[in-house]
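*Asks:* The structure under discussion is supplied below as structure tokens; questions concerning it will follow.
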């Protein structure tokens, strides 16, 4: 009987079992830590949680009271939520294209390339809380010179920088629509944020660029393609799968640092309102997921996989 | 006035004539083309240099500020004329920072902690990524969506439940059966190891995603060839696919190492001791030094913090620069990729 069973197991079944074996550790972990914790978070959001002095907690079911409070009564939640989503939508294309551009620049051979790459990775290294605070201080402490670049940009965004004002007027005299000028000037004023936020993306793109087989470029050169054509016909399609990775990373990263998370954190640990905090983080999580699904669908349709 | 106009006309005409002459001259056409392309290359090079230097400047600015002010003496700090280069440089900041960080010991245990977690991360995440990329099984798309969900969820969402479950850690009541009560794993690094081993460590979802994308980009022929030659599943994975995946292994290793080293969120959540996580210790160094050494000026306190930050940054930068070499080498070695 056993033998017959084993014989009957098709290659497909065998392969799917092997597949499950490969993902098994993660599957256990996901159910154990994430799914369970998420369920508990949802539970918290529907209840009022009181921590008992002896450890543990009690839950009083209150229905949708927390949700209603967050959206109807809470003063700043809705506003913070919309601004952080807006900022994220502006940042994503900027960061993606900036990092692709930088990766292409850095992928060429030139003197001191290792050093430059190490420098670009610095913001990723220095993303720890205490170090970031020290950096922020250093930026504000040093007037003039080095920090002036970012400081000037910051001033420009509020409309005080005379020189930037001049360029904005010039652009509007050229007849560019206000929204585009605003977008560009906003991008310029946040250049230091964008640079600091694109370290990982640059590294991922460099890895992607280096995994493109050189023979493809050889063929393109022999066929007489210009650099422009080579970029759009070889480099860009080969890098596209990694663009999805980077977009996902950028969206998540900008949400992890966003004000909504801070608000949720404060609500939980300063005001001890765990239910409301769960509502806030759940709402923002669901919205982020929705945005990601839409963006990924959009890019995936255009993606080409080498196999 | 007229004369000048005439002169200009004359010179314009001369230039035009010269241009026509050069254009008509075929003898040096190649030289000219080469010259033009050299100019083009030069301009592009300058353009690239300006961009790279400018951006490096934006990134390095605050770092240079921190490094320079970590050498400032008290007098330098109060002297408004001193900028970047201290007049009376001192190593006192470093001496105290090393003393209160317990630098050597903390650093070694911190590195061991993040290195071991990094190895687990690479091993588990590459396996899971490979499973998702190459095998078809029921519910695969749903499960992969779960990976994405894992990336997307801010860790704050599940912070409280995680804390609760590790404070009273138990696996299906087994531990309670053996020991009589559930264990409190907080204030040890064990929760971090458990979570990482089950593919739920710091940003594990992202690493799984990266590996998945990478393995999907590899040609299937490699595995088919291995299968035909009689290699088993695990042999194929460890000896063939993982070797091919070296670029992404190193990418993930660098990320994992650095983020683990920097992570204060989990360290705070699980109350992991300061002596294991150096980046958690740095957040209290300013307060410690000001209390013990009786330094009340916050500006001076910051100088010690700067020195501590520099000390923390050094090893990670060294590791990165060292791995950078392997990064490129690994890419070259696995040139068959794709």
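Every number in this text was worked out from the coordinates using simple rules, so none of it is lab data. As the structure is a computational prediction, the values presented were derived from the model and not from experiment. Heads up, the Cβs are rebuilt from the backbone with ideal geometry, glycines too, and the neighbour counts pull from every protein chain shown.
*Asks:* Taking the alpha carbon gyration tensor of the stretch A:253-307, what are the square roots of 5 times its eigenvalues, largest first, to the nearest whole Å?
*Replies:* Here the semi-axes work out to 33, 10, 7 Å.
*Asks:* Where does each of B:31-42, B:306-317 land if you order them by average Cβ count within 10 Å, highest first?
*Replies:* B:306-317, B:31-42
*Asks:* Using Cβ contacts closer than 10 Å as the measure, can you line up A:61, B:169 from fewest to most?
*Replies:* Least crowded to most crowded, the residues run A:61, B:169.
*Asks:* If you don't mind, there's one more thing I want to ask. Test of understanding: extend the Cα→C-beta vector of residue B:145 to 7 Å, then name every residue of the stretch A:14-32 with backbone N under 18 Å from that spot.
*Replies:* Counting backbone N atoms under 18 Å from the label point, the list is A:27, A:30-31.
*Asks:* Further, regarding this structure: What average number of partner chain Cβ atoms lie no more than 10 Å from the Cβ of the residues making up B:111-119?
*Replies:* 0
*Asks:* Once Rh is set to the Kirkwood radius over Cα pairs, what Stokes-Einstein translational diffusion coefficient, in µm²/s, holds for the stretch B:34-179 at a temperature of 4 °C and a viscosity of 1.567 mPa s?
*Replies:* The calculation lands on 57 µm²/s.
*Asks:* Another question about this same structure. Given the stretch B:2-69 reduced to its alpha-carbon atoms as identical point scatterers, what log10 I(q)/I(0) does the Debye formula return at q = 0.17 Å⁻¹?
*Replies:* With one equal scatterer per Cα and no solvent, log10 I(q)/I(0) is -0.81.
*Asks:* Can I ask one more? Compute the length gained on full extension between residue A:51 and residue A:300: take 0.36 nm times their separation in residues and subtract their Cα-Cα distance, giving the result in nm to one decimal.
*Replies:* 85.1 nm
*Asks:* Let's test this: bin the Cα-Cα distances of the protein assembly as shown at 20 Å from zero up to the farthest pair and state each bin's percent.
*Replies:* 15, 45, 30, 7, 2, 0
*Asks:* Next question, about the same structure. Please find, in a Gaussian network model of chain B (springs between Cα atoms separated by less than 10 Å), the residue of B:125, B:146, B:200 whose mean-square fluctuation is greatest.
*Replies:* The residue that fluctuates most here is B:146.
*Asks:* Moving on to the next point. For n ≥ 4 DSSP H runs only, could you compute -39500 (n - 2.57) per run for chain B, divide by its residues and tell me the 222 nm figure to the nearest 500?
*Replies:* -24000 deg cm²/dmol
*Asks:* While we're here: To make sure I understand, if each residue's beta carbon is the centre and we count other beta carbons within 10 Å, what order do B:259, A:32, A:26, A:232 fall in, fewest to most?
*Replies:* Arranged by neighbour count, lowest to highest, B:259, A:32, A:26, A:232 become A:232, A:32, B:259, A:26.
*Asks:* Roughly how many Å is it from the Cα centre of the stretch A:203-258 to that of the stretch B:54-92, as a whole number?
*Replies:* Between the Cα centre of the stretch A:203-258 and that of the stretch B:54-92, the gap is 39 Å.
*Asks:* Something else about it: So, R0 is 22 Å and r is the distance between the beta-carbons of residue B:231 and residue A:21; what FRET efficiency does that work out to, to 0.05?
*Replies:* 0.85
*Asks:* What distance in nm lies between label points placed 7 Å from Cα along the C-beta direction at residue A:59 and residue B:42?
*Replies:* So the two model labels end up 7.3 nm from each other.
*Asks:* Further, regarding this structure: Using 7 Å Cα-to-Cβ label points, what is the residue B:169/residue B:87 separation (nm, one decimal)?
*Replies:* It works out to 5.6 nm between the two label points.
*Asks:* Quick one: what do you get for the stretch B:92-333 if you divide its Cα Rg by 2.2 N^0.38 Å?
*Replies:* 1.21
*Asks:* Does anything in the stretch A:95-118 have its amide N under 19 Å from the 7 Å Cα→Cβ label point of residue A:227, and if so which residues?
*Replies:* A:98-113
*Asks:* State the dimensionless ratio Rg/Rh of the stretch B:1-114 (Rg: radius of gyration of Cα atoms; Rh: Kirkwood radius).
*Replies:* 1.43
*Asks:* Now for a different question. Across the residues of A:175-183, average count of Cβ atoms on other protein chains within 10 Å?
*Replies:* 0
*Asks:* Which whole number gives the average count of other chain Cβ atoms within 10 Å of the Cβ atoms across peptide B:141-152?
*Replies:* Neighbouring Cβ atoms belonging to other protein chains average 5 per residue here.
*Asks:* May I ask for the distance between the Cα centers of the stretch B:134-192 and the stretch B:202-257, given as a whole number of Å?
*Replies:* Cα centroid of the stretch B:134-192 versus Cα centroid of the stretch B:202-257: 25 Å apart.
*Asks:* What FRET efficiency comes out for the pair residue A:180/residue B:222, r = Cβ-Cβ distance, R0 = 60 Å, nearest 0.05?
*Replies:* The formula returns an efficiency of 0.80 here.
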